[in-house]
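**Student:** One structure, as structure tokens, below. Some questions next.
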Amino acid sequence: MKAVAELLADNAGRRGDRPAYTDDRRTVTWAELEDRTARLASGLNVDRGARVAILLDDGAGVVEAVLATTRAAAVGVLLSPHSTAAELEHLLEDSAPDLLITSERHLPKITNGPPVVLLDEIEAGERQPRDDLGLDEPAWLIYTSGTTGAPKAAVSTQRAALWSPFECYGGMLGLSDQDDE
């Protein structure tokens, strides 16, 4: 199994001009996704293992932010854009992120917490993306729904995130563990 950075590079090399992701505003090719996530990862300017909260609406931007965080060898803290200000305050206090990536639309819900950067304002930094986060290192902090109390953080690795969809849908798509795509 390949890590996210390697999968992005492979797909950009083989399918650069083909769509990687389409939302209601734009289509992003594999080459664009690889380039954009590299620039975002370098622009985050965070240390390895730093926690980066992501509060964005569904779309290409959240995909890019999540992948860039992984490429920066940081731990992405995925926050729901449907959360209230009080819920976000609890989640930000609990997860203690070093940085929050968001959009102008969500700023009013952020009352305190880490330094905030708007996704559209992140510029490429001096360094290249790390691209060295191991498959079994923490990659994402995902909050449970909180059905039995307050939401709790669950740590996920790249391997867990990549393995689950492959195991669930690979057979339907005719894929096996021998496939490298």
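Read-outs: derived from the displayed coordinates by stated rules, not from any lab. This is a predicted model, so every value here is computed, not measured. No Cβ is skipped: glycine too gets one built from the backbone with ideal geometry, and neighbour counts run over all protein chains shown.
**Student:** In degrees, nearest 10, range 0 to 90: what is the angle between the Cα axis of helix 158-169 and the longest Cα principal axis of the chain?
**Tutor:** Around 60 degrees separate the two axes.
**Student:** Name the longest site-free stretch of the chain, where the excluded sites are trypsin sites (Lys or Arg not before Pro) in a DSSP loop with no more than 12 other beta-carbon atoms within 10 Å. Each step should come with its number before you reach the end.
**Tutor:** On the way: sites that count: Arg25, Arg26, Arg48, Arg127, Lys152.
Between exposed loop sites, the widest span is 49-126.
**Student:** Once the Cα atoms of helix 30-44 and of the chain are each reduced to a long axis, what angle between those two axes, in degrees from 0 to 90 to the nearest 10, is obtained?
**Tutor:** The helix 30-44 is inclined about 40 degrees to the chain.
**Student:** Another question, if that's okay. What's the local net charge at Asn112, with K and R +1, D and E -1, over the other residues with C-beta under 15 Å away? Walk me through the intermediate numbers first.
**Tutor:** Working: positive: Lys109; negative: Glu87, Glu89, Glu93, Asp94, Asp98.
Neighbourhood net charge equals -4.
**Student:** Using alpha carbons only, how many degrees (0 to 90, rounded to 10) separate the axis of helix 85-95 from the longest principal axis of the chain?
**Tutor:** Between helix and principal axis, roughly 70 degrees.
**Student:** Let me ask you something else. Taking the Cα centre of the chain as the origin, how large is its charge dipole in debye, to the nearest 20, when only Lys and Arg (+1) and Asp and Glu (-1) carry charge on their Cβ atoms?
**Tutor:** On the way: 17 positive and 31 negative charges, 27 e Å.
With Lys and Arg at +1 and Asp and Glu at -1, about 140 debye.
**Student:** Give me Ile101, Ile110, Ile54 ranked fewest to most by other Cβ atoms within 10 Å of their Cβ, as a rough exposure proxy. Don't skip to the end; give the middle numbers.
**Tutor:** Working: Ile101 28, Ile110 17, Ile54 22.
Ordered by Cβ neighbours within 10 Å, fewest first: Ile110, Ile54, Ile101.
**Student:** Quick one: order Val75, Val62, Val117 by neighbouring beta-carbon count within 10 Å, fewest to most. Spell out each step's value before the answer.
**Tutor:** Numbers: Val75 25, Val62 19, Val117 16.
If I rank by nearby Cβ atoms, fewest first, I get Val117, Val62, Val75.
**Student:** Which whole-number percentage describes the relative contact order of segment 55-110, with Cα contacts under 8 Å and a sequence gap of 6 or more?
**Tutor:** Numbers: 34 pairs, mean separation 26.8, N = 56.
Rounded, it is 48 percent for segment 55-110.
**Student:** For the chain, set up a GNM with springs between Cα atoms under 10 Å and report which of Gly16, Gly149, Gly49 has the largest fluctuation.
**Tutor:** Gly149
**Student:** Using just the helices of the chain, give the 222 nm mean residue ellipticity in deg cm²/dmol: DSSP H runs with n ≥ 4 each add -39,500 (n - 2.57), and the total is spread over all residues, rounded to 500.
**Tutor:** Numbers: 5 runs with 62 residues, N = 181.
Calculated at 222 nm, the ellipticity per residue is -10500 deg cm²/dmol.
**Student:** With both bridge residues required to lie in segment 4-169, what share of the DSSP beta bridges run antiparallel, to the nearest 5%?
**Tutor:** Antiparallel bridges: around 35 percent, rounded to the nearest 5.
**Student:** OK, next. List the GluC sites (Glu not before Pro) within segment 99-169 that fall in a DSSP loop (any state other than H, G, I, E or B) and whose Cβ has at most 16 other Cβ atoms within 10 Å.
**Tutor:** Values: sites: Glu104, Glu121, Glu123, Glu126, Glu167; in loops: Glu123, Glu126.
Passing both the DSSP loop test and the Cβ count: Glu123, Glu126.
**Student:** Pairs of alpha-carbon atoms within less than 8 angstrom and 6+ residues apart define the contacts here; what relative contact order does segment 42-156 have, in percent?
**Tutor:** 31 percent
**Student:** To continue, here is another question. According to the square roots a ≥ b ≥ c of the eigenvalues of the Cα gyration tensor, what is the shape class of segment 62-130, taking rounded for a/c under 1.5, prolate for a/b larger than b/c otherwise, and oblate for the remainder?
**Tutor:** On the way: a/c = 2.03, a/b = 1.67, b/c = 1.22.
Prolate, since a/c reaches 1.5 and a/b exceeds b/c.
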